[in-house]
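Below is one structure, written out as structure tokens; comments come after it.
The values are calculated or read from the model by the stated rules, or taken from the named source; none is laboratory data. A quick note: this is a predicted structure, and the numbers were derived from the prediction, not measured. Heads up: the accessible areas ignore ligands, DNA and RNA and are worked out on the full protein's heavy atoms, side chains in. Shrake-Rupley method; radii C 1.70, N 1.55, O 1.52, S 1.80 Å.
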Amino acid sequence: MAPITVVEGRRLALSNLDKVLYPATGFTKGEVLHYYATVADVLLPHLRDRPLSFLRYPDGPDGQVFFAKNVPPGTPEWVTTAEVPRSEGPARMVLVQDLPSLMWAANLVTEFHTPQWVIAAPEEADRIVFDLDPGPPATVVDCCRVALWLRERLAADGIEAYAKTSGSKGLHLLAAVRGASGERTSAYAKGLAVEAEKAMPRLVVHRMTRSLRPGKVFVDWSQNAARKTTAAPYTLRARAEPAVSAPVTWEEVTECRAPGRLGFRADDIAPRVQDYGDLLAPLLDTERAPEVP
């Protein structure tokens, strides 16, 4: 039987705590749950009110990895769910609103992926995202150069950008906005990706075509579409090691000279939160978000 844990008055059966999920480091499921409990205060505000897509890897990244968008079977009745409009018809999805729900979801072993809108206003984007993906031999160092250019370009339109690692090879750029649809933010983001490619043709590509990408940074603007999702801040990733999509300072981006400088694992995050707080907290201040030009 799985041990029963009580989290804020909710009874949770947490299973297979000794199971090694990250063979490269021996990181166990119990450590995954401990990590999420530790970062809950900074993670939860970025999940709250957003219908979640789960990228599940119950047997570790080398086992079966699959996307789950609908409410999983056996979801406790106290976990918040909501009906979400989809092109193929409405679906019911999970909202992780509190610590018990987070620990229940973490027990499923999942990456957390969120859309760029909240459930109260699915037709209005509240953030813009750029996924900077390096095509080898390009690395995150090259992504940092592109991120700095995009940061300045967004600032020229009155939009303040924040950065986090993807938890893989690249970098994510995020900015809070208001008053626009996913179509509008996608068009704006694509325009900036095209501008970046014109400004840095040897470094940047804005099209997904694989053959164009070796040695360049693909500026993926497509995750602004209402139906798309992006790995949430602080989520663990299904990689060989317990890598995290970790917020970073602009100073770290500016000074990045080697790929290892911007790689963070689960045990790096609590000390960073202690030092910096939540570097992405300004994204949550929707009152002050600018409109998309």
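Annotations
- Cα long-axis angle, helix 266-276 against the chain (0 to 90 degrees, to the nearest 10): 60
- For the chain, the longest principal axis of the C-alpha atoms and the axis of helix 29-47 are separated by about 50°.
- Whole-percent carbon and sulfur share, accessible surface of the range 187-227, 1.4 Å: 57
- Once the gyration tensor of the Cα atoms in the range 80-207 is diagonalised, the equivalent ellipsoid follows with semi-axes of 30, 19, 13 Å, ordered largest first.
- Under 18 Å from the Cα of Lys228 - aspartates and glutamates, other chains or at least 8 residues apart: Asp49, Glu83, Glu88, Glu111, Glu123, Glu124, Asp126, Asp131, Asp133, Glu183, Asp220
- Square roots of 5 times each gyration tensor eigenvalue, C-alpha, the range 190-252, largest first, Å: 24, 15, 14
- Alpha carbon convex hull of the chain, volume per residue in cubic angstrom: 138
- Residue with peak Gaussian network fluctuation, the chain [Cα springs, cutoff 10 Å], from Leu132, Leu192, Leu52: Leu192
- Normalised per residue, the accessible area of the chain is 45 Å², obtained with a 1.4 Å probe and no contribution from ligands, DNA or RNA.
- Per-residue ellipticity at 222 nm, computed for the chain from helices alone with -39500 (n - 2.57) per DSSP H run of at least four residues, works out to -8500 deg cm²/dmol.
- Which listed pairs, of Lys69/Lys190; Lys69/Lys164; Lys69/Lys216; Lys164/Lys198, have C-alpha distances above 30 Å, in listed order: Lys69/Lys216
- The range 78-108 and the range 139-166 have Cα centres lying 31 Å from one another.
- On Cα atoms only, tilt of 182-199 relative to the major axis of the chain in degrees: 50
- Rg/Rh for the range 1-132, where both radii come from Cα atoms and Rh is the Kirkwood radius: 0.97
- Comparing Val219, Val65, Val244 in a Gaussian network model of the chain, where Cα atoms under 10 Å apart are tied by springs, the biggest mean-square fluctuation is seen for Val65.
- Grouping the Cα pair distances of the range 155-276 into 5 Å bins from zero gives a pair-distance distribution of 2, 10, 16, 21, 22, 16, 10, 3, 0 percent in increasing distance order.
- Once divided by 2.2 N^0.38 Å, the Cα radius of gyration of the range 34-103 becomes 1.18.
- Carbon and sulfur %, accessible surface of the range 65-152 computed with the full protein complex present, 1.4 Å: 55
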